[in-house]
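Here's the structure, in C-alpha cells; my notes come after.
The values are calculated or read from the model by the stated rules, or taken from the named source; none is laboratory data. Every value quoted in this text rests on a predicted model; they were computed, and no experiment measured them. When we count neighbours, we look across all protein chains shown, and the Cβ atoms used for this are built from the backbone with ideal geometry, even at glycine.
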Amino acid sequence: MGKVIGLDLKSKRERQRSDYVFHQDYRTRWADNDMFHHLNNPIYGVLFDSIINAYLMDVAGYSTKSSAYIGLVANTYCDYFGSAQYPGVLDVGLRVVKLGKSSVMYEVGVFQQGEEKVKAVGGFIQIWVLRETNRPDDNGVPEGVRRELVKLVNSEDSEVVKPKGQKL
C-alpha cells in the first residue's frame, strides 16, 4: 500500500499521476470541445467509463456478453480543477478507492500531456449483480475481476472487503 490519498477537494486538486495505478492516453478530438474551447463536461464521463471498462475487459478478462454478472453504475461524480482541450493528448489514470463485497468505488484522474496539474478527478461506484436477477448475491464482485481490481488499490486509506470463501 502507498500513501494516504484523501477524498476532499483539496486532496483531489493535488493529485499526481503516480496516485493512479493504470493509465491510458486519450487523443482529444475537435468534437470534444464546447463553444468555449474546453473539453465538454460529458466527455469526462466518457473517459471515466472507457478506462474502467477497458481495465475490466482487457486486464480482468470480464465479458459484457457472457458473464453471469454485470456492473451497474450507482453513483457518478466529477470535480473540475482546470480545462483540457483539443488539440491534445490526455493521460487518464485509474485507481480503486474501495472494493466492497458487491461494490467498487473507482477514481479517475485526468491530466493534459505536458502539464502536471490535474484537470479533473471523478469516477463512479459500481454494484455487481447477477445478470439474471439484477441483484447482488453472496459472491459479490466476481472472483477473477476482484483479483485484478485489488491491484488498483494503492493507498493506505483504500479499503478492501474480502467476501467469505474468496481468495485475493
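Counting only residues that are over 16 Å from Val121 (Cβ atoms) and more than 17 Å from the chain's Cα centre (by Cα), how many does segment 36-48 have?
Final tally of qualifying residues: 4.
Any residue in segment 53-71 that's in a loop (DSSP other than H, G, I, E, B) and modelled with pLDDT of 95 or more: show its pairings with residues that are surrounded by 14 or more Cβ atoms within 10 Å (Cβ to Cβ) and among the acidic types (Asp, Glu) at Cβ separation under 8 Å, as long as the two are six or more apart or on different chains.
Partner pairs satisfying both residue conditions: Ala60/Glu148; Gly61/Glu148.
When only residues in segment 117-133 that are crowded, with 22+ Cβ neighbours inside 10 Å and β-branched (Val, Ile, Thr) count, which is nearest to Glu14 (Cα to Cα)?
This residue is Val118.
Find all pairs meeting these conditions: Cβ atoms under 7 angstrom apart; at least six residues apart or on different chains; first residue within segment 100-116 and surrounded by fewer than 16 Cβ atoms within 10 Å (Cβ to Cβ); second residue aromatic (Phe, Trp, Tyr) and assigned to a loop (DSSP other than H, G, I, E, B).
Here the result reads none, with nothing in segment 100-116 linked to a residue that is aromatic (Phe, Trp, Tyr) and assigned to a loop (DSSP other than H, G, I, E, B).
Quick check on segment 36-45. Is at least one of its residues assigned to a loop (DSSP other than H, G, I, E, B) and of a type in the set (Val, Ile, Thr)?
No.
Mind checking which residues of segment 16-35 are within 11 Å of Gly93 (Cα to Cα), part of a loop (DSSP other than H, G, I, E, B) and more than 14 Å from the chain's Cα centre (by Cα)?
Within segment 16-35, Gln16 is the sole residue that qualifies.
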